[in-house]
Amino acid sequence: MSLNKYQIVTVEAVKRVYLNSQIGIFGHFAVVILMALIFMNKIPQSVIFFGVAVHMIILTRRIMLTFKFNKIKDEPFSYIDIKKWMFIYTRCMFFSGAAFGLTLFFLENLEVEYHFFILSMLVALAAGAILTIGEVFTIYISYLAGMLVVTFIWMLLHAEHIYNMGALLIFGVFFYLVSTSRRYADNFREIVLEKNRAKEHICEQEKAQEEIIEQKCILDYQAKHDSLTDLPNRALFNDRLKLGIQKAKRNGTILALYFIDLDNFKIVNDSLGHEMGDKVLKEVTLKLKSIMRINDTLARWGGDEFTVILEDLKNSAAASTLAQKIIKVLTEPLVISGHTLYVTCSIGISLYPQDGKNSEDLIKYADSAMYKAKNEGKNNIQFYSDDMTKLALERVVMESSLRSAINNEEFVVYYQPQIDATNDKLTGMEALVRWNHPINGLVSPFKFIPLAEETGMIVEIDNIVMNIAMKQFRIWKDEGYNPGLLSLNLSMKHLEQQNYIKHLKASMQMYSIDAQELELELTESDIMKRPEEAIVKLKEISDLGVRIAIDDFGTGYSSLSYLKKLPINKLKIDKSFVDDIPDDEDGKAIVRAVIALTHSLNLELIAEGVEEESQKDFLLENGCNNIQGYYYSKPISFVNIQEYMKDKMR
């Protein structure tokens with residue numbers, strides 16, 4: 001509810017009084033102590049004690065009021081609320097003034113000089129109070145009345161001429177202070193109203209400016225976006241393409257440009273009309289938006305042509321992933337206004353920097369590749385480079401084979417021992433996936449793991465590895481072997497699954513795996529993609545008692561602040577650092593630093609990729625006892641690792 005001018009002034013005045021109350025409280029306290037000291041030996045101690053006690057009660061009340069008000073001072077006040085606070089403070093200040101005015105009644109037996117000394121102090125208090133409570137005329141008058149009216153009455157009760165003069169003095173002072181207080185309150189009111197007028201003027205200007213900016217933004221948006229689909233138009237697309245090229249050049253990454261043309265769209269327009277054609281374009285836009293990444297740019301080039309910019313690609317093959325999704329999503333039928341329509345597309349792709357270094361060339365080459373896709377029978381993808389087309393086809397075949405491998409249980413688990421180099425005893429082993437392809441045999445994980453991570457199939461593959469490894473561990477334990485700690489690789493994509501913790505607990509329970517026997521490894525770079533989410537999820541795993549290790553430590557960009565927050569038990573020194581020791585001085589310095597850091601954080605440490613005795617000796621000398629690598633054993637099948645454990649048990 002808006003306030004009128006009088007109410008606005010009242011609200012601000014009461015706030016100001018409470019804000020200044022600390023000064024008034026301090027002055028009140030100082031005067032009471034001063035008077036007690038002055039009259040210490042002049043009047044009975046009981047009278048002084050009583051007077052001080054009364055004033056302390058009043059001061060306590062003022063302090064409590066100030067404290068309560070300051071707690072809520074920033075909250076919005078209604079006029080009724082502020083009136084209540086004003087009334088409470090008015091009553092308190094009346095009692096405060098009356099307490100001072102009654103002082104003379106207790107000092108009746110003192111000489112006249114003391115009486116007028118007290119009178120002068122009361123007048124000074126009354127005058128000074130204008131600066132702390134003068135903004136609210138009602139509060140000040142109540143204080144003045146409580147103090148000087150009581151003093152005036154006391155003076156009139158004495159017949160001596162000098163006291164009659166004192167009464168006249170009080171009468172004159174009272175009306176002078178009333179007049180002064182009125183002017184003070186009026187000045188304050190004018191200041192508040194002027195500030196309020198200035199504030200309203202500024203608000204009006206800001207509102208007008210916001211409307212202008214909003215209108216400008218709307219016009220700017222309309223100039224850069226297609227009115228039918230609300231996608232970026234050709235002008236905005238060209239700007240983003242140029243920026244994308246600059247970013248790719250700066251970061252050393254790959255940029256892909258798609259030209260997408262709807263197949264046989266002219267037939268839809270000619271047979272069903274342009275209105276139906278517009279509806280088809282809108283539906284196609286929604287389908288395309290649904291599969292775009294956040295950083296991708298989807299634009300309408302014109303007519304039935306769309307363009308896409310993909311940034312931050314790590315390799316050329318990754319450019320085909322989204323294109324395959326587009327082909328797939330557009331093969332699904334469109335049901336519009338009772339018509340079932342089938343719309344396919346042809347996609348041409350050019351790449352920066354392989355195919356071109358500027359936007360003009362990339363657009364030209366992607367357009368050429370798109371027409372090549374049309375000539376190849378439509379509903380397909382063509383890269384500007386023949387080699388890239390072949391590579392994209394291989395990727396599609398690999399993805400299809402990988403899905404078949406999951407369904408046909410073609411994955412096997414190999415194990416690499418982890419050794420305490422001080423006594424060459426087995427402390428655990430890392431479970432590593434291998435793909436036993438029915439035609440090509442064992443496929444290196446370097447060929448299929450990146451694709452599995454990109455497509456999300458890594459979640460299913462790691463679940464397969466977890467079940468196989470836990471089952472085998474249970475068998476070994478039942479047969480009397482001591483395999484130590486089972487270390488499993490974990491992707492952040494697992495943690496994004498809502499039921500992962502539930503699945504992990506179920507697997508541990510199924511195979512009777514104790515939490516202390518299990519360790520999950522995440523790469524440092526994977527964690528640092530979303531560190532805050534990783535901390536929360538890993539805390540849930542850690543609470544189960546499962547150990548957590550950071551793999552490839554030192555290759556990512558983690559900060560010490562996150563390293564302290566992560567609920568981890570172990571760091572793994574990456575093979576790239578181990579390769580440099582003991583001959584490279586920089587490599588040795590890095591490894592020593594990692595070891596020192598790990599010890600200072602009270603974490604366990606293991607070095608992976610150890611292949612030579614000199615590397616093992618260096619690590620031992622510098623405080624890293626746990627070793628994993630070809631020096632002891634390459635990853636081997638469950639049969640061979642079982643023989644390995646037998647040898648260790650002898």
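Each reported figure results from applying straightforward, stated rules to the coordinates on display, with no laboratory input. If you're wondering where the values come from, they're calculated on a predicted model, not measured in any experiment. Please note: Cβ atoms are built from the backbone with ideal geometry, for glycine as well, and neighbour counts cover all protein chains shown.
When peptides 253-262, 35-44, 621-630 are ranked by their average number of other Cβ atoms within 10 Å per residue, the highest-first order is 253-262, 621-630, 35-44. What is the sum of charges, Lys and Arg at +1 and Asp and Glu at -1, for the other residues whose Cβ falls under 15 Å from the Cβ of G97? Around G97, the surrounding residues sum to +3. Of the residues V150, V178, the one with the fewest other Cβ atoms within 10 Å heads the list, and the complete ranking is V178, V150. Treating r as the C-beta distance of Q509 and V536 and R0 as 30 Å, the FRET efficiency rounds to 0.80.
Using amide H atoms built in the peptide plane, which far-off residues or other-chain residues are under 5 Å from L341 H to H? Those lying under 5 Å, H to H, from L341 are L334, V335, I336. With the highest mean first, a sort of the peptides 155-165, 482-492 on other beta-carbon atoms found within 10 angstrom per residue produces 482-492, 155-165.
If the viscosity is 1.567 mPa s and the temperature 4 °C, what Stokes-Einstein diffusion coefficient in µm²/s follows for region 434-580 when Rh is the Kirkwood radius over Cα pairs?
D = 79 µm²/s.
The C-alpha atoms of the chain define a longest principal axis, and helix 5-38 lies at about 60 degrees to it. Axis of helix 234-251 versus longest Cα principal axis of the chain: the two differ by about 80°, to the nearest ten degrees. Annotation: extensible slack from Q354 through Y342 equals 0.9 nm (criterion: 0.36 nm per residue apart, minus Cα-Cα distance). With the simple model of a label 7 Å out from the Cα in the direction of the Cβ, D74 to E283 spans 5.4 nm.
Pairs of Cα atoms nearer than 8 Å and 6+ residues apart set the relative contact order; for the chain it is 8 percent. Given that just one value was derived from the coordinates, which of [x] 12, 22, 19, 14, 14, 15, 3, 0; [y] 14, 37, 29, 12, 6, 2, 0; [z] 14, 26, 20, 20, 16, 4, 0 is P(r) over Cα pairs in 20 Å bins from 0, in percent? Evaluating P(r) over Cα pairs in 20 Å bins from 0, in percent on these atoms matches [z]. By its C-alpha gyration tensor, with a ≥ b ≥ c as the square roots of the eigenvalues, how is region 404-476 shaped: rounded for a/c under 1.5, else prolate for a/b larger than b/c, else oblate? It is prolate, given that a/c is not under 1.5 and a/b is the larger ratio.
Rounded to the nearest 20 debye, the dipole magnitude of region 361-442 is 360 debye, with +1 charges on Lys and Arg beta carbons, -1 on Asp and Glu beta carbons, and the Cα centre as origin.
Against the longest alpha carbon principal axis of the chain, how many degrees, from 0 to 90 and to the nearest 10, is the axis of helix 112-128 turned? So the inclination is approximately 40 degrees. When each of the peptides 91-101, 577-587 is scored by the mean number of other C-beta atoms lying within 10 Å of its residues, the order from highest to lowest reads 91-101, 577-587.
Between K195 and K447, the modelled label-to-label distance comes to 7.7 nm, taking each label 7 Å out from Cα in the direction of the beta carbon.
Ordering T180, C203, I218 by the projection of their Cα atoms onto the charge dipole of region 171-239, which places +1 on the Cβ of Lys and Arg and -1 on the Cβ of Asp and Glu, puts T180 at the extreme positive end.
Taking every alpha-carbon pair in region 5-200 and binning the separations at 10 Å intervals from zero gives 8, 34, 32, 17, 7, 1, 0 percent.
Which of rounded, prolate or oblate describes region 193-319 when judged by the alpha-carbon gyration tensor and an a/c cut-off of 1.5? Taking the square roots of the gyration eigenvalues as a ≥ b ≥ c, region 193-319 is oblate. Using 0.36 nm per residue and subtracting the Cα-Cα separation, the extra length available between I162 and E206 on full extension is 9.4 nm.
With a Förster radius of 56 Å applied to the beta-carbon distance between R293 and N482, the computed FRET efficiency rounds to 0.75.
Length gained on full extension, A589 to R183, computed as 0.36 nm times the residue gap minus the Cα-Cα distance: 138.4 nm.
Can you list the residues of region 86-109 with backbone N under 15 Å from a point 7 Å past the Cα of I57, pointing along Cα to Cβ? Under cut-off, by backbone N: 92-100, 102-103. Let's test the formula: R0 of 60 Å, r as the Cβ-Cβ distance of N622 and D239. What FRET efficiency results, to the nearest 0.05? After rounding, the FRET efficiency stands at 0.65.
Quick check on my link table: of K471/K502; K505/K539; K537/K570; K325/K364; K328/K374, which ones sit more than 21 Å apart, alpha carbon to alpha carbon? Don't skip to the answer; put the middle values down first.
Details: K471/K502 18 Å; K505/K539 15 Å; K537/K570 17 Å; K325/K364 23 Å; K328/K374 17 Å.
Beyond 21 Å between Cα atoms: K325/K364.
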